[in-house]
Amino acid sequence: MSSAVSFTAPRVEQREIIAERAALTNKERLSACQDVHGTKRSIVESHVVVRRALANLKQELSLISENRECFDMAEKKCPEYSNSTAFRLMFLRADHFDAKAAAERLMRYWTEKVDLFGNEKAFHPICVQDFDEEDQAALTGGGFKLLPDTDNTGRGIIVSCRPKWDNRHSHRKSMLRVVWYIIHCALEEESVQKRGLIIFSTAQGSSISNFDLKLDRVYVRHLQQVLPIKWKALHQFTKKNSMVEFFLPHFLYLLGPYMRCRYRLHYIAEDKEHLPELARYGMPREILPTEVSGDLDFDYRVWLTGRKFLEAVRSKMAGRNESMVDQELRQNVDAKRILLGLKPSKVSDASLRQRKFMSVDALSEKARVRSMSGLYLTNKNMSVPKKMKLSGSNSAERIAECFRSTIVRTNWKPDEES
């Protein structure tokens, strides 16, 4: 596999970075420091502030006359999605409630989304079932994944594992679609919209074929200018490696001056001496993944299986009480752990029923079904064992078994004759 790194590609040297930081004003230096450490205060979103910002955004959108074809298409095909307060508020938050900047980002968002996903898939929320075989391979590879917990300040944490990126030139769009999907998963947490996210990038075990500056150029631009997210900091983890040292100046050039001030390089030590340093950035070792020598027992395959189930439930509901579905899933201890990519604990049917989750076998009792009105069976014809056994060696099988034997609370009421 050939690399897309040219010896003549633009690069930035360490002395230039030092000069950039020295030229920062006190206000700029403080802002960068607060972003890296997660201490910057969020805007207080009162009803007045939000209402005024949404009105200003609508006005700014009406003033844009160029490159708005995809935006107009979204207005026609999915007005309930593109015009929703929740959707537009993400863009305002990403640009600190600057209505003009948010309007420009929104235009770029729809243009890039249509280009990336096509007319058939661009105008609804991104979900795994929209991915083709190449996209699925890039997604399951785990090269770009969301951690289950935010940091101590509420920022989302994404891990980018360079050796797992699918950098074949024909698959660049597949990798970008994965980035878009993971970012949108992160945006489901309101604190991430408000506080932003940080990216851990690890290049351990990389070879020259793992670096693709053409892909990185688009990746960085989408994170900074297209997606409705505040990219607060980039932490690079590596061991001293000549390959990384060759590639790094080129990648830092792509980041631009703003993100270079928010970039931190950490050399991973065998004795984990780098972990106390990370704690100063609001990231204790308990929430850090094993890729950076942290203690988090995170199974990406489990998380991905949980996401597929959640999206299947949302699709089946077709807009009916989706928020209630999410709420009920997340209130259940084991469902919540699964959706976060953590292994489920062994629980009894009684504890599940206590949380309004029941085994399918329990539905044979009509009185119990009637007493639990407002329950929706994910699959009536699915047979499951009377007692859930979650102790198998295959995580995906344990997840599937847990979900097969649950019902989700919604506003659906069982037929009296059932």
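The values are calculated or read from the model by the stated rules, or taken from the named source; none is laboratory data. Remember, it's a predicted structure, so these values are computed and weren't measured experimentally. Virtual Cβ from ideal backbone geometry, glycine too; neighbours counted across all protein chains shown. Side chains included, ligands, DNA and RNA excluded: accessible areas come from the protein's heavy atoms. Shrake-Rupley method; radii C 1.70, N 1.55, O 1.52, S 1.80 Å.
At-a-glance table
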item: Condition check for Val12: more than 29 Å from the chain's Cα centre (by Cα), hydrophobic (A, V, I, L, M, F, W, C) and part of a loop (DSSP other than H, G, I, E, B); result: yes
item: Qualifying residue in the stretch 120-130 (condition: crowded, with 16+ Cβ neighbours inside 10 Å, under 30 Å from Glu75 (Cα atoms), in contact with a Lys or Arg (Cβ under 7 Å, 6 or more places away or on another chain) and not hydrophobic (A, V, I, L, M, F, W, C)); result: yes
item: Whichever residue in the stretch 60-89 is of a type in the set (A, V, I, L, M) and closer than 24 Å to Ser174 by Cβ and, among such residues, is surrounded by the fewest Cβ atoms within 10 Å (Cβ to Cβ); result: Met73
item: Test: residue in the stretch 35-45 that is more than 22 Å from the chain's Cα centre (by Cα) and of a type in the set (S, T, N, Q); result: no
item: Spans of strands (runs of 3 or more DSSP E) in the stretch 140-202 with at least 3 residues among the β-branched types (Val, Ile, Thr) and either touching a residue at least 24 places away in the same chain (Cβ under 8 Å) or open to solvent by less than 40 Å² (accessible area, probe 1.4 Å) (or both); result: 156-161, 197-202
item: Residues being assigned to a helix (DSSP H, G or I), touching a residue at least 24 places away in the same chain (Cβ under 8 Å) and closer than 30 Å to Ala99 by Cβ - total across the stretch 210-232; result: 9
item: Matching entry among Ala103, Ala99 (being more than 17 Å from the chain's Cα centre (by Cα) and open to solvent by 10 Å² or more (accessible area, probe 1.4 Å)); result: Ala99
item: Members of the stretch 92-114 that are of a type in the set (Phe, Trp, Tyr) and closer than 10 Å to Leu54 by Cα; result: Phe97
item: Residues of the stretch 130-139 that turn out to be part of a loop (DSSP other than H, G, I, E, B) and under 27 Å from Ser84 (Cα atoms), as a count; result: 1
item: Within the stretch 233-349, helices (runs of 4 or more DSSP H) holding 3 or more residues that are out of contact with any Cys (no Cβ under 8 Å at 6 or more places or on another chain), at pLDDT below 80 and under 25 Å from Gln34 (Cβ atoms); result: 274-279
item: Residue list for the stretch 31-47, restricted to those being over 16 Å from Gln193 (Cα atoms) and either open to solvent by 100 Å² or more (accessible area, probe 1.4 Å) or modelled with pLDDT of 95 or more (or both); result: His47
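Residue-by-condition table, conditions (1) in contact (Cβ under 8 Å) with a residue 40 or more places away in the chain; (2) over 20 Å from Ile183 (Cα atoms):
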site: Val44; (1), (2): no, yes
site: Val49; (1), (2): yes, yes
site: Asn56; (1), (2): yes, yes
site: Ser84; (1), (2): no, no
site: Leu89; (1), (2): yes, no
site: Arg105; (1), (2): yes, no
site: Val114; (1), (2): yes, no
site: Gly118; (1), (2): no, no
site: Phe131; (1), (2): yes, no
